[in-house]
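K.L.:
Let me give you the structure first, and then I'll get to my questions.
We did not get these values from a lab; they are worked out from the coordinates using the rules stated. Note that the coordinates shown come from a computational prediction; the quantities given were computed from them, not determined experimentally. Cβ: placed from backbone, ideal geometry, glycine included. Neighbour counts: every protein chain shown.
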Amino acid sequence: MYSSIKSVAFFSVALVLFSCTGTEQISVPEPVQEQVQSFSIERPIPYPIDIPDAYLFAQQRGTRTTDGTPGEDYWQNYASYTLHAELVPETHTVYGSAQITYTNNSPDDLDVIVVELAQNLHKAGTPKYDITEITGGVDLTKIMANGSELGETTATARWIEGASGFINEGTQLYIFPNEIVESGGTIDLEFEWSFVVPEQGASGRMGRSRDNLYFIAYWYPHIAVYDDVYGWFYDPFLGNAEFYHGFADYELTVTAPREWIVMGTGEFLNPDETLSPIMLERYLDAGTTDETIVIADFDELERATADSDDGKLTWRFVSDKVRDVAFSATLESRWEGSRTPVGDLTGNGQTDYTRINTFYRDTAPLWEDQTEYARHSITFLSDYLNMPYPWPHMTSVEGADIIGGGMEFPMITIIGDYNTAGATRLYGVTAHELAHMWFPMIVSTNERRYTWIDEGHTSYHTNEANIDFFGPDRFDRRDTFSGYLQIAGSDFEGEIMRWSDFHYPGPAYGVASYPKPASVLYALRGVLGDELFMEAHLEVLERWKYKHPYPWDIFNTFEDVSGKDLSWFWRAWYYETWVLDQSIADVYQESGETVILIEDIGNVPMPVHLKVTFEDGSTYNNTYDVEHWLQGQRTKEIRVSEQQEVVKVEIDPEGLFPDVNRQNNRWER
């Protein structure tokens, strides 16, 4: 999701310091010589990172490894959903039914099945992160397990041997079937339900607008993740942090009044049954061209769909191995289509393509370029991440009044009109939402606890897409840094590793989830170098595609690929709110030499990239390893002979690191 930054104040951390002394001598080429002396401990030294026992137990059981690869015994549970939704615009109601087969691939027998009912966020009395529209939540009219209808039970009764039933607590539904779901076994579940569609549902991630647009998400009973680390994930949906979803196969049908155009997650199976002949021809043409085709224009929408005897049409979609499904229904939106290359998806040496769909109303003029933005984003990201976009379409839906930023679902996103923000921002949010198709739609992470994994990686990828689209003269890594540096080191900042819903009110959640982890990825790139960083970065995707990595899987993968112990980096950037502030404290003459005194004011230890410029224009560049700071020292003294006069000294001249005060990084005579 791309949104305005909310969040939280400051958490002070007591630092455990290791005592370390010693003398270091670093040999560097003439004319620069470094003088290092023994120092007492003058700064916090990063201590080992905290790793939960549950994760360490998973390593012992062979489902995770110390090098960051999934273990030989890694497993995931799986489900197949057959979903039907009927949209009734007169009452703004969705009526749903679901048949779900859930397969227990875990080594454990399950006596309870946890299901999320996210729409209960809109039920009175349900815990909420913020003010939320009350629509009554989900009205469940049928719950069946293995053919038996279940009734509501109580917390006490559920412990009676052989008892079955369900308990609904907030956004969580606990199902107690008649029989335990044994390891390797399955359970069949059936649901029927309805709910009134909020105007800005799920904190502006779904809803309805102007009686001509519905975007339906967070809408069906969704089986929670049961994983190898914590078992059932039952953290409630509070309207702030997003998903933790498992992969599943879906058959989705949506029935709506004839004049509404529906698009959803999955391959669109019946365009010949739902589109009028002229629109069908254009739709088919759009899948064969890199140009933008108007499939249905504003003045053609009354004749865009097929005839129907009962005034309704049913739209069919199917998808494999996705985390979720969502759909839109538009009444007055122009429909544009195109295709874009994604690389060799099938491995046959041929270029493959995906469809691009765009729906927008005439009040969103900037969206005339949206199809181009989506084409570039999908193609660029497929190439940059060395992982072709794997699905049959990517659809963007303009959703002003529902959302201001954007929100992602597999193959479909809703984005605001961006009339006041401008075209550059519209491209950026498009790249951001479409970059989510890799994190977390392919690399499926727990966003409700570790929002920073998907949002941080996606913010980093968004900036890379901006650089490619607009050019390096308009965008660079410092555009990412600025969002973090506005509160870095202040009482408003929170640690990246703090569970997402537990940040203090204010900007802490947003900064710790979006710009700071993106900035830290750039900092890691500066430490490792572009080539090694990308090798490790892409290895994370390759190892954990269609799986569920935890933070330590990512950390371990980077260390495995790079061959470096980066524990100091993880501790300093992810677990603390320390800042980086390297400075040129002084430049002076002594005994016929120029003395450069570097002081590390902040607590984040990082290598020093130093550039010295001499009077004749020649330069000396060197990188001083982080080990100097890890010995507890604050200063580093460098001596320059008088063969050439020093006229300029710079720290990090390329701007690789998010230093909180770049004013003290430069000295000129």
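K.L.:
Using 1/(1 + (r/R0)^6) with R0 = 56 angstrom and r between the beta carbons of residue 66 and residue 163, what's the FRET efficiency to the nearest 0.05? Before the final figure, lay out each step's value.
P.N.:
Details: r = 42 Å, r/R0 = 0.76.
Given R0 = 56 Å and the Cβ-Cβ separation, E is 0.85.
K.L.:
Residue 50 versus residue 144, label points 7 Å from Cα toward the beta carbon: distance in nm?
P.N.:
4.7 nm
K.L.:
Could I get the Rg over Rh figure for region 301-404? Both from C-alpha atoms, Rh via Kirkwood, rounded to two places.
P.N.:
Working: Rg = 16.0 Å, Rh = 15.8 Å.
Across region 301-404, the Cα-based Rg/Rh ratio is 1.01.
K.L.:
Let me ask something else. Out of all DSSP beta bridges in the chain, what portion is antiparallel? Express it as a percent rounded to 5.
P.N.:
Values: 120 of 140 bridges.
Roughly 85 percent of the DSSP beta bridges within the chain come out antiparallel.
K.L.:
Continuing with the same structure: Is there a pair in 564/648; 128/516; 312/547; 142/312; 516/564 whose C-alpha atoms are over 28 Å apart, and which pairs would that be? Numbers along the way, then the final one.
P.N.:
Details: 564/648 33 Å; 128/516 26 Å; 312/547 39 Å; 142/312 25 Å; 516/564 22 Å.
Pairs exceeding 28 Å: 564/648; 312/547.
K.L.:
Further question: For residue 146, what is the net charge nearby, where nearby means another residue's Cβ is under 9 Å from its Cβ and Lys, Arg count +1, Asp, Glu -1?
P.N.:
Net charge in that neighbourhood comes out at -2.
K.L.:
Using modelled backbone amide H atoms (1.01 Å from N, in-plane), which distant-in-sequence or interchain residues come within less than 5 Å of residue 604's amide H?
P.N.:
For residue 604, whose amide H was placed from the backbone, the distant partners under 5 Å are 579, 580, 581.
K.L.:
Need the C-alpha centroid separation for region 579-606 versus region 270-294, integer Å.
P.N.:
That distance is 64 Å.
K.L.:
Right, another one. So if I take the centroid of the Cα atoms in region 296-347 and the same for region 169-245, what is the distance between those two points in Å?
P.N.:
24 Å
K.L.:
Something else about it: Mean separation of Cα pairs under 8 Å and 6+ residues apart, divided by the residue count of the chain: what relative contact order is that in percent? Before the final figure, lay out the partial values.
P.N.:
Numbers: 1558 pairs, mean separation 101.9, N = 669.
Rounded, it is 15 percent for the chain.
K.L.:
Please list, in chain and number order, the residues 5+ apart from residue 138 or on another chain whose amide H is under 5 Å from its amide H, with Hs placed from the backbone.
P.N.:
When sequence neighbours closer than 5 places are left aside, the close amide H contacts are 120.
K.L.:
Report the full-extension gain for the segment residue 303 to residue 152: residue separation times 0.36 nm, less the Cα-Cα distance, to one decimal in nm. Before the final figure, lay out each step's value.
P.N.:
Details: separation 151, 0.36 × 151 = 54.36 nm, distance 4.71 nm.
Length gained between residue 303 and residue 152: 49.7 nm.
K.L.:
Got a sec? Which residues in region 402-441 would a label at residue 363 touch, if it sits 7 Å along Cα→Cβ and we count backbone N under 12 Å?
P.N.:
Answer for region 402-441: 402-403, 417-419.
K.L.:
Given a Förster distance of 35 angstrom, what is the FRET efficiency for residue 289 paired with residue 530, based on the Cβ-Cβ distance and rounded to 0.05? Let's see the in-between values first.
P.N.:
On the way: r = 35 Å, r/R0 = 1.01.
Approximately 0.50, to the nearest 0.05.
K.L.:
Of all the C-alpha pairs in region 76-246, what % are more than 20 Å from each other?
P.N.:
Details: 7666 of 14535 pairs.
Roughly 53 percent, rounded to a whole number.
K.L.:
On to the next question. Which value in nm describes the separation of the simple spin-label points at residue 479 and residue 654, placed 7 Å from the Cα toward the beta carbon?
P.N.:
So the two model labels end up 2.0 nm from each other.
K.L.:
Additional query: Among the lysines, which fall within straight-line cross-link reach of residue 636, defined as a Cα-Cα distance under 17 Å, with same-chain neighbours fewer than 8 residues apart omitted?
P.N.:
Cross-link targets: 611.
K.L.:
What is the set of long-range amide H partners of residue 419 at a cut-off below 5 Å, with H atoms built 1.01 Å from backbone N?
P.N.:
The list, which skips near neighbours in sequence, is empty: none.
K.L.:
So for the pair residue 210, residue 490, with labels modelled 7 Å out along Cα→Cβ, what separation do we get in nm?
P.N.:
3.6 nm
K.L.:
Only helical DSSP H runs with n ≥ 4 go in: add -39500 (n - 2.57) per run for the chain, normalise by residue count and round the 222 nm mean residue ellipticity to 500 deg cm²/dmol. Present the calculation step by step, with values, prior to reporting the outcome.
P.N.:
On the way: 13 runs with 133 residues, N = 669.
Value at 222 nm, helices only: -6000 deg cm²/dmol.
K.L.:
If you find the alpha carbon centre of region 624-647 and of region 473-536, how far apart are they in angstrom?
P.N.:
Between the Cα centres of region 624-647 and region 473-536 lies a distance of 28 Å.
K.L.:
Something else: Report, in degrees rounded to the nearest 10, the 0 to 90 angle that the Cα long axis of helix 423-435 makes with the longest principal axis of the chain.
P.N.:
In the chain, helix 423-435 runs at an angle near 80 degrees to the longest axis.
K.L.:
Give the residue from 102, 224, 176 lying farthest towards the positive end of the charge dipole for region 76-246; charges sit on Cβ (+1 for Lys and Arg, -1 for Asp and Glu) and the dipole is referred to the Cα centre.
P.N.:
After comparing all options, I get 224.
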